[in-house]
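Comments concern the structure below.
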Amino acid sequence: MIRLATIGTSSITRSLIDAVGLVDGITVTTVFSRDEDRGRRFVSSAGLAGVASVVSDLGELLADPDVDAVYVASPNSLHAEQALAAVRAGKHVLVEKPAVTTAEAWERLRCEACDHGVILLEAMRTEYDPALDVVREVIPSLGTIRRVRLSYEKRSSRYDQVLAGERVNIFDPALAGGALLDLGVYCIHALVSLFGEPLHVQAADVTIASGVDGAGTALCTYPGFVAEVCYSKITTSTLPSEIQGELGTLLVNGIASPTSLTVQRLDATSTTRTLPPLRHTLDGEVQRFVELVEENGDATYDQDLTAATLRVMDTIRRVTGRA
Ligand SMILES: NC(=O)c1ccc[n+]([C@@H]2O[C@H](COP(=O)([O-])OP(=O)(O)OC[C@H]3O[C@@H](n4cnc5c(N)ncnc54)[C@H](OP(=O)(O)O)[C@@H]3O)[C@@H](O)[C@H]2O)c1
């Protein structure tokens with residue numbers, strides 16, 4: 001049984017704990033919070049009272065021989081340091097997206113994970129959603145691909161706080177907030193997973209009052225086609241993602257968690273496929289993590305995808321003047 005400790009007490013950790021409860025071979029035994037009282041309240045609201053202990057000292061958590069693995073769900077800027085400390089303490093690590101903020105930091109982290117013989121996995125739920133494999137299966141029927149447009153554009157309810165002049169973690173440049181790192185990462189990871197790394201990347205974005213990108217677009221060049229990646233936390237798109245081939249177009253209703261796929265053909269006929277509901281959106285990533293840890297498996301494929309995603313994001317941030 002993998003004894004997991006969590007870092008972060010927001011809704012995503014709560015959700016991960018629910019997913020862990022559905023998967024065999026893993027259990028949450030420890031919760032870290034900077035504030036012990038908050039940690040205790042979190043443990044009881046997550047139904048872990050009497051099951052999981054609370055710690056407020058990360059060093060103590062990482063020194064605990066009864067912790068096998070750590071899930072990192074702190075603000076983005078903290079992932080690299082916390083994941084590195086966990087890996088060096090001999091813990092397997094499941095780290096929220098974006099795993100770290102640069103490809104260089106990821107290479108350093110994965111080398112350390114390799115040296116310490118532990119599994120390191122980015123918690124990129126889209127990659128472990130069976131819907132992405134259905135998208136992958138449909139693509140050859142579209143003929144030669146000429147255009148891809150993947151988007152995740154959703155106005156955050158917390159944007160109102162930014163407009164009111166308040167500081168909000170996910171819009172804070174000091175915590176590596178912003179639309180690319182929060183939402184664009186889903187599109188780019190899916191793009192790289194479906195089509196590989198682009199030859200060339202151009203980008204433009206919109207800076208908001210807090211100093212981060214509120215919205216942006218990247219244009220990625222592939223042999224024979226172009227891919228547009230649109231991300232926003234300050235506006236909402238009503239359009240599906242699209243993969244356009246010479247014989248047909250696939251519409252995906254939400255690239256981060258697809259639930260409906262429509263193929264429109266040249267003869268104007270179309271077929272819509274509603275995908276079966278998932279047991280839990282984070283189920284797949286937890287299953288994959290358990291499988292890798294239990295079997296001392298090879299995470300190279302997963303880690304390479306994270307690396308390629310971060311290289312694309314590095315370029316976007318460089319050309320938009322953010323790195
Ligand atoms: N996979 C998904 O669907 C999904 C969804 C949402 C978020 N995420 C990812 O999950 C991570 C957390 O996102 P979030 O929006 O939940 O973040 P958040 O609420 O800003 O912070 C998460 C936790 O980190 C701790 N924390 C907050 N501010 C901190 C600071 N300044 N310094 C140190 N610790 C701090 C808090 O726990 P304590 O105060 O108890 O220590 C908090 O509960 C991000 O990497 C995000 O990209 C993933």
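The values are calculated or read from the model by the stated rules, or taken from the named source; none is laboratory data. Everything numeric in this text was worked out from a predicted model, so none of it was measured. Heads up, the Cβs are rebuilt from the backbone with ideal geometry, glycines too, and the neighbour counts pull from every protein chain shown.
Scanning the range 276-286 finds no residues that are assigned to a strand (DSSP E or B), modelled with pLDDT of 95 or more and not β-branched (Val, Ile, Thr). A count restricted to the range 193-224 and to residues that are surrounded by 21 or more Cβ atoms within 10 Å (Cβ to Cβ) and in contact with a strand residue (DSSP E or B) (Cβ under 6 Å, 6 or more places away or on another chain) stands at 10. Scan the range 274-297 and tell me whether some residue there is farther than 25 Å from residue 18 by Cα and of a type in the set (D, E, K, R). No. The residue that is surrounded by the most Cβ atoms within 10 Å (Cβ to Cβ), counting only those in the range 61-87 that are closer than 18 Å to residue 104 by Cβ and within 16 Å of the chain's Cα centre (by Cα), is 83. Filtered by the rule that a residue be within 20 Å of the chain's Cα centre (by Cα), buried (at least 20 other Cβ atoms within 10 Å of the Cβ) and over 30 Å from residue 164 (Cα atoms), the range 234-266 gives 241, 252, 255, 258.
Across the range 140-187, the qualifying residues are those that are out of contact with any Phe, Trp or Tyr (no Cβ under 6 Å at 6 or more places or on another chain) and of a type in the set (Val, Ile, Thr), and the one among them that is surrounded by the most Cβ atoms within 10 Å (Cβ to Cβ) is 185. State whether one or more residues within the range 111-119 are crowded, with 17+ Cβ neighbours inside 10 Å, within 14 Å of the ligand (Cβ to nearest atom) and hydrophobic (A, V, I, L, M, F, W, C). No: the range 111-119 contains no residue that is crowded, with 17+ Cβ neighbours inside 10 Å, within 14 Å of the ligand (Cβ to nearest atom) and hydrophobic (A, V, I, L, M, F, W, C).
Selection of strands (runs of 3 or more DSSP E) fully inside the range 13-92 by the criterion of at least 2 residues being in the same structural domain as residue 171 (by TED's automatic domain parsing) returns nothing.
Among the residues of the range 1-14, are any within 8 Å of the ligand (Cβ to nearest atom), free of Cβ contacts under 8 Å to residues at least 24 places away in the same chain and either of a type outside the set (S, T, N, Q) or closer than 25 Å to residue 84 by Cβ (or both)? For the range 1-14, residues within 8 Å of the ligand (Cβ to nearest atom), free of Cβ contacts under 8 Å to residues at least 24 places away in the same chain and either of a type outside the set (S, T, N, Q) or closer than 25 Å to residue 84 by Cβ (or both): absent. Can you pull out the residues in the range 84-103 that are without any contact (Cβ under 8 Å) to a residue 60 or more places away in the chain and under 19 Å from residue 311 (Cα atoms)? Of everything in the range 84-103, just one residue is without any contact (Cβ under 8 Å) to a residue 60 or more places away in the chain and under 19 Å from residue 311 (Cα atoms), namely 95. The residue that is nearest to residue 36 (Cα to Cα), counting only those in the range 50-85 that are among the small types (Gly, Ala, Ser) and more than 15 Å from the ligand (Cβ to nearest atom), is 50. Could you run through the range 114-129 and say how many residues are over 12 Å from residue 256 (Cβ atoms) and part of a loop (DSSP other than H, G, I, E, B)? Of the residues in that region, 4 qualify. Scanning the range 15-49 for residues that are under 20 Å from residue 91 (Cα atoms), more than 8 Å from the ligand (Cβ to nearest atom) and of a type in the set (Lys, Arg) returns no hits. For the range 43-52, the criterion of being buried (at least 16 other Cβ atoms within 10 Å of the Cβ), within 23 Å of the chain's Cα centre (by Cα) and aliphatic (A, V, I, L, M) is met by at least one residue.
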